[in-house]
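Quick notes on the structure that follows.
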Amino acid sequence: MQKVDYKKVIRDKSTALGFFHCGFSEANFLEEEAPRLDKWLNNNYHGKMAYMSNHFDKRLDPRLLVDDAKTVVSLLLNYFPEEKQADTSAPKISKYAYGEDYHFVIKDKLTELLEHIKQEIGEVSGRVFVDSAPVMDKVWAKKSGLGWIGKHTNLIHPQNGSFFFIAELIIDLVIEPDGPIQDYCGTCTKCIDACPTEAIVQPYVVDGSKCISYFTIELKDQMPASLQSDFQNWIFGCDICQDVCPWNRFSKPHNEPRFAGNLAEVDWEGLSEEVFQTLFHYSAIKRTKLKGIQRNLDYVKKKRP
Ligand code: B12
Ligand code: SF4
Ligand code: SF4
């Protein structure tokens, strides 16, 4: 009887589902990351993202999340849009949030992938993850050879840049791991130099509590009165460190219909609750609620010269 090529079965289906890269690593303890995560939390770089300080042990070991976990299958899904926001003076939204919320889109794909694995390979159990549990997405993708973690702390693929989401399947099937690739940041410091809030406190370390993405999406309170930064019109997330990264010259537009979206027509200043609910019901933008968007608009208006 011919032996099933597990990697081929999984890779072929992941490509058919629209993921553009798929890699494998052994599910075990993240020894190198443990002191880094500990330090990051001790420095309070998570700010008010309390969920980041929960489940420290599980975050570092997928075997504590999934019974009998053997392999982490890492997957990348492109979200780089065909057209960027044209009006540079308009309020800016991160490219990842132009279309439908990626959690819904990716979860559907991962569920289908896991079903396919069961059909083709047999008794396999596991769980799907898309930024929904204490899993270090970038670290697993790096270990699986899908790129390196750049100085701005996002994962970069040498052919596709960094505008993609990362997701995983953690399964109880033993698969030969792929090895990591090298870091190609070299002497470049463009992301560090461009960050308006100096959130990249040293190469490869972001103080999350200083990042525009944190202020505009994660922070539920008022902006701190002491905040002097010019957010350069970003009202939902921030793409600056990725926009300036030379590796993103290689980004190609996604072909995921559910990520298509046109925010150019949105009258941000005049948004009512009803219009907000209609426009953003299936969007990641819903996370801030209308109140958050209005707070962010007020902030960038005040900081405009
Ligand atoms: C918390 C979080 C945030 C926080 C904190 C950011 C951060 N860098 O941690 C905030 C809200 C600021 C944020 C912002 C963004 N995020 Co975010 N975020 C996460 C989340 C939930 C956890 C990340 C995490 O574990 N942080 C904890 C710290 C310890 O990890 P870290 O910064 O990666 O730290 C590493 C380095 O500091 C490094 N390190 C430390 N010291 C040293 C020393 C050396 C020598 C070296 C080599 C390394 C090193 O080791 C640490 C561990 O690997 C992940 C999803 C997930 N479950 O993984 C998404 C995730 C990282 N975010 C994502 C995205 C898209 C963004 C934004 C681009 C969104 C936007 N446009 O606004 C920005 C980018 C900001 C930035 N430059 O990082 C994607 C990244 C995809 C990619 N290509 O890498 C992820 C993976 C979500 C997903 N599933 O797709 N995010
Ligand atoms: S996302 Fe923006 S604020 Fe955050 S580290 Fe990058 S450039 Fe700085
Ligand atoms: S801008 Fe330069 S230093 Fe920053 S992640 Fe990209 S290549 Fe690395």
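Selection of the range 166-177 for residues being crowded, with 16+ Cβ neighbours inside 10 Å, over 20 Å from the mean Cα position of the chain (by Cα) and of a type in the set (A, V, I, L, M) yields ILE171, LEU173, ILE175. For the range 153-165, name all the residues that are in a strand (DSSP E or B) and more than 16 Å from ligand 2 (Cβ to nearest atom). Within the range 153-165, just HIS157 meets the criteria.
Looking at this structure, is GLU123 more than 12 Å from the chain's Cα centre (by Cα), free of Cβ contacts under 8 Å to residues at least 24 places away in the same chain, assigned to a loop (DSSP other than H, G, I, E, B) and over 16 Å from HIS254 (Cβ atoms)? For GLU123, the condition - more than 12 Å from the chain's Cα centre (by Cα), free of Cβ contacts under 8 Å to residues at least 24 places away in the same chain, assigned to a loop (DSSP other than H, G, I, E, B) and over 16 Å from HIS254 (Cβ atoms) - is met. Quick check on PHE20: is it among the hydrophobic types (A, V, I, L, M, F, W, C), in contact with a Ser or Thr (Cβ under 6 Å, 6 or more places away or on another chain) and surrounded by 15 or more Cβ atoms within 10 Å (Cβ to Cβ)? So PHE20 does not fit the description; no. Every residue in the range 211-228 that is in a loop (DSSP other than H, G, I, E, B) and either over 16 Å from the mean Cα position of the chain (by Cα) or more than 14 Å from ligand 2 (Cβ to nearest atom) (or both), please. Scanning the range 211-228 gives LEU219, LYS220, ASP221, GLN222, MET223, PRO224, ALA225, SER226, LEU227, GLN228.
The combined condition, being closer than 23 Å to LEU77 by Cα, free of Cβ contacts under 8 Å to residues at least 40 places away in the same chain, assigned to a loop (DSSP other than H, G, I, E, B) and within 16 Å of ligand 3 (Cβ to nearest atom), is fulfilled by CYS185.
Restricting LEU77, LEU60, LEU110, LEU64 to those that are surrounded by 14 or more Cβ atoms within 10 Å (Cβ to Cβ), touching a helix residue (DSSP H, G or I) at 6+ places or on another chain (Cβ under 9 Å) and without any contact (Cβ under 8 Å) to a residue 60 or more places away in the chain reduces the list to LEU64. Please verify whether ASN255 is within 19 Å of PHE164 (Cα to Cα), polar (S, T, N, Q) and not in a loop (DSSP other than H, G, I, E, B), treating the condition exactly as stated. No. No other residue among GLY122, GLY145, GLY150 is within 16 Å of ligand 2 (Cβ to nearest atom) and of a type outside the set (D, E, K, R) apart from GLY150. Please enumerate the residues belonging to the range 208-243 that are of a type in the set (Asp, Glu) and within 11 Å of ligand 1 (Cβ to nearest atom). Correct list: GLU218, ASP239, ASP243. The residues of the range 139-152 that are of a type in the set (Gly, Ala, Ser), within 16 Å of ligand 3 (Cβ to nearest atom) and part of a loop (DSSP other than H, G, I, E, B), listed by number, are GLY147, GLY150.
Scanning the range 199-210 for residues that are more than 8 Å from ligand 2 (Cβ to nearest atom) and either acidic (Asp, Glu) or closer than 18 Å to TYR96 by Cβ (or both) gives ASP207, GLY208. Of the set (1) more than 12 Å from ligand 2 (Cβ to nearest atom); (2) in a strand (DSSP E or B), all apply to GLU265 but (2).
The criterion of at least 2 residues that are farther than 24 Å from TYR204 by Cβ and more than 17 Å from the chain's Cα centre (by Cα) is met, among helices (runs of 4 or more DSSP H) falling completely within the range 1-100, by 6-16. Candidates are the residues of the range 178-207 that are aliphatic (A, V, I, L, M) and near ligand 1 (Cβ under 8 Å from one of its atoms); the one that is nearest to the chain's Cα centre (by Cα) is VAL206. Can you work out which of the residues in the range 221-248 that are modelled with pLDDT under 95 and charged (D, E, K, R) is surrounded by the most Cβ atoms within 10 Å (Cβ to Cβ)? Among those residues, the one meeting the criterion is ASP230. Within the range 270-282, the set of residues being surrounded by 10 or more Cβ atoms within 10 Å (Cβ to Cβ) and not hydrophobic (A, V, I, L, M, F, W, C) comprises SER272, GLU273, GLN277, HIS281, TYR282.
The values are calculated or read from the model by the stated rules, or taken from the named source; none is laboratory data. Just so it is clear, the model here is predicted, and its values are computed rather than measured. Cβ atoms come from the backbone with ideal geometry, glycine included; neighbour counts cover every protein chain shown.
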